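Worksheet: one structure, shown below.
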Amino acid sequence: VTVEVLVAGGLPALHVVGLGDAAVMEAKERVRAALKHSGWGLPPSRVTVNLAPADLRKAGPAYDLPIALAVLAAQRLVPAQRLADAVVVGELALDGAVRGVPGVLAAALLARDRGAVALLVPPSHADEARLVGGVPVVAPATLADAVAFLRTGRVPDAAPGSTMPEDFEPQATDLADVADLCEVRGQALARRALEVAAAGEHALLLVGPPGCGKSMLARRAPGVWPPLADDAAWTAALVRSAAGLRVAALPRHPPFRAPHHGGSEAGLFGGGPSLRPGEATRAHGGVLFLDELPEFSRRVLEGLRQPLEAGEVVLARAHGSRRYPARFTLIAAMNPCPCGHDGDDAVPCRCHPSDRRRYRARISGPLLDRFDLRVRMARVPAAALARPVGEGTAAVAARVAAARDRALARQGFANGHLTGAGLDRHAPLEHDARLLLEQALARGATSARGVERLRRVARTLADLAGSESVGAPHLAEALAYRADPFPEAMSGAG
C-alpha cells in the first residue's frame, strides 16, 4: 500500500480515502494529535491522504505512522525521497508514541524484496523484523524519532520497555512446559495411536467416557511432534505475525491450538472485516485439538473438510478472496453419548437410544471418514493407575522423528498426505498385505475410499518399525484403527 498526501487550497481539513475500515478512517484523529504533541501540526489547508491501490480494502492502525510522515513530507519537513524509498508500519498514540501492529514480518519481507533503504517498525517488533535480514531495521519509539532518522539517517535508540498492546498473545509455550506423556497411565492403544498420528500427520479421533484421559493425552501431543523445518517455521512465523502473535524468534515448536467448542466459524477458519486468519491457520504445521467435538456447530464441523483435504482455507467475500495455509493434524475427542457412559462397565448409560443416535449424527459420515485413526478408549482400571509410570515423551518423540525422517527422505512430506500414484510408488504392499486388504474389502471392513487412508497409516506403521515395505502386520494394525468407534453392540436399551 502506497500512502500519498496532497496539500491543496481550501478549508483546513484532513481526509483519508482508499477503502479503509473504521480503524483506518480514525487514523486522522490519532495523526492530528500525534503531530500536535510532537511539535508540528497540520497545514492550514485541505489535506487529502490516499491509500493506493484504491480498490484494495485496508484494515487496522498500521497506516498511522506512514500517514503522519507523509503529511510532514508534503510540508517539506522530512525528505520526501528518503521516505518514498522506505517501508513504514506502526500505530500512533495521541502523544506520538509508536505502538505495535500485526503483520510486521510480512512488511519486512516486502521491504527486503523491494530493496527498501530502511524499514521503520515499532520497537516492540524490532526483533521480529530483523529475522528477515537484508534491510536496515529502524525502531523509532516516537514520531519525533522517525522524523529524526529521515532527516539525519541516525538510528534513534529504542525506548526501554515494550509498547506491545495488552491484548497481544504471548509467544507459544516452550516444550519444557508441556506435561510428559509418562503421566498418562494405561491407554496403551490410544498412546500408540498418538504416536502414529505424530509420525504421519494422521487425523485422530478419541472416543471414551469422561475421565478416561482423552484430553490429557491430546494435550501432550506438542512434546511428541517433530520440530518445524525451515519452510514450515517461516510459514508459522508469518501466520503468528499476521494473527497478532508476537514473534521474537523463528518458531521451531509446532503450534498447538485448542479452541473452545462455543467458538464461531470465523474464529476457527478466519474472517471478519479484515479477513484475519483463524485457529485452523494458526495450527498450520502443528495440531488443532477439538475437545467435545459434537458440541461444535454443524457449520464449523463441515467446514473442517476442506482444510483436511486441501491443507488450506479459502475465504471468499464479495470484494475478493484470500487463501490461508491450514495443513494441521486434527485431534478430536468426544464422549460416546450425551451422558458419556455408553459402553462404560463402571457407570451405566442413562441415554435413550434415540438420544445417542442424534448425538452421534452431529459427526457426519464424510467428516468421520477423514479420521485416519479412530480409537475407542475405556475407563482406566484402578490397578493400572497404581502401576509405575510408562514410557515418557522423549522416547516416543525419538521414534516419531526417525519415522518422519524416513518419510521426508523418501517422498519429501509426511505419509498422511500421500495419494494415488504416490501410494503405489512409496507404499507398495507385500503379497500378504494385499491379500489381507482384499479380504477386508470383501467383508465390508473398509470402503474403497478408506483403502487410501488405510495404506497411508500402514506406511507410517512400517516407518515406525523401520521397514522399507508395508507388510500384513502393518496393514492389520491400520485396520484396527479404522474400526467403527460407535459399535451398536455397545449400546443397550438405556
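Worth pointing out:
- The chain: angle of helix 27-37 to the longest principal axis, Cα-based, in degrees nearest 10: 50 degrees
- Amide hydrogen neighbours beyond the local backbone of residue 290, cut-off 5 Å, H modeled: 331, 332, 333
- Phi-based couplings in Hz for region 292-301 (Karplus 6.51, -1.76, 1.60; Gly and Pro marked x): 6, 3, x, 7, 6, 5, 4, 5, 5, 5
- Rounded tilt (10° steps) of 188-200 against the dominant C-alpha axis of the chain: 50 degrees
- Summary of the geometry: region 1-20 and region 341-407, compared by the centres of their Cα atoms, lie 60 Å apart.
- Fraction of the pair-distance distribution of the chain above 28 Å, Cα-Cα pairs, percent: 60 percent
- With each label modelled as a point 7 angstrom along the Cα→C-beta vector, the residue 382-residue 467 pair spans 4.1 nm.
- With K and R counted +1 and D and E -1, the other residues having a Cβ less than 12 Å from that of residue 134 yield a net charge of +2.
- Taken one residue at a time, the phi angles of region 86-97 give Karplus couplings (6.51, -1.76, 1.60, θ = phi - 60°) of 10, 10, 10, 9, x, 8, 10, 7, 5, 8, x, 5 Hz. Gly and Pro are set to x.
- Total formal charge among the other residues, if their Cβ is under 15 angstrom from that of residue 216, Lys/Arg +1 and Asp/Glu -1: +2
- Taken as Cα centroids, region 185-220 and region 25-71 sit 52 Å apart, rounded to the nearest whole angstrom.
- Computed from Cα positions, the angle between helix 64-74 and the longest principal axis of the chain comes to roughly 30 degrees.
- Surrounding net charge for residue 263, when Lys and Arg each add one and Asp and Glu each subtract one, Cβ distance under 13 Å: -2
- Euclidean distance between Cα centres, region 256-325 to region 421-493, Å: 29 Å
- 10 Å-binned pair-distance histogram of region 215-311 (Cα, whole percent): 15, 46, 34, 5
- Taking amide H positions as modeled 1.01 Å from N, with prolines and chain starts lacking one, the residues under 5 Å from residue 470 and 5 or more places away or on another chain are 430.
Throughout, read-outs are computed from the coordinates displayed, never taken from laboratory work. These numbers were taken from a predicted model, which means no experiment stands behind them. Reconstructed Cβ throughout: ideal geometry from the backbone, glycine too, with neighbour counts over all protein chains shown.
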